[in-house]
Amino acid sequence: MCQASTIETFDQLFTCPFHGYATPADYYHANSSVFHLSSIQTPVSIIYALDDPFISPEDFTPKAITSNPFLKIMATKYGGHVGFFRSLSEGFQYPYWIMQEITVHAEK
């Protein structure tokens, strides 16, 4: 594990062998929720950040997802992957941020 300088390398050296996957791509594919979004039948809001290193905007573009009337997908410019962390000194901005984003998207 000390050899890992990227998350993909870590997954190759530790996560995949531990969970029985041949490659990180196999692991990512098997554990992605994106393949289940088209079958959602309860109203769901998905909020993600465009600067998230793990989630790509292209994940949400297939017609089966974009045409699902139960999904509302909202993207923010910043926020990363771990709860919209602002900085080490300011901590998480989630409570303020979520209210601001809900207001912005509700007005659209």
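Some observations on this one:
- Gyration tensor (alpha-carbon) shape descriptor, segment 1-48, a/c threshold 1.5: prolate
- Likely footprinting exposure, Thr66, Thr42, Thr6, Thr15, fewest C-beta neighbours within 10 Å first: Thr42, Thr6, Thr66, Thr15
- Virtual spin-label span in nm between Ile7 and Ile102, 7 Å along Cα→Cβ: 2.7
- Amide H contacts of Ile46: Lys72, Ile73, Met74, each under 5 Å away and 5 or more positions distant or on a separate chain (H built 1.01 Å from N in the peptide plane; Pro and chain starts excluded).
- Leading residue at positive end of dipole, segment 13-80 (Cβ point charges), from Ala30, Ser67, Ile47: Ser67
- On full extension, the segment bounded by Ser33 and His81 gains 15.8 nm, given 0.36 nm per residue less the C-alpha separation.
Only the coordinates and a few stated rules stand behind these numbers; no lab work does. Just so you know, these numbers come straight off a predicted model, no measurement behind them. Note: ideal-geometry Cβ built from the backbone for every residue, glycine included; neighbour counts use all protein chains shown.
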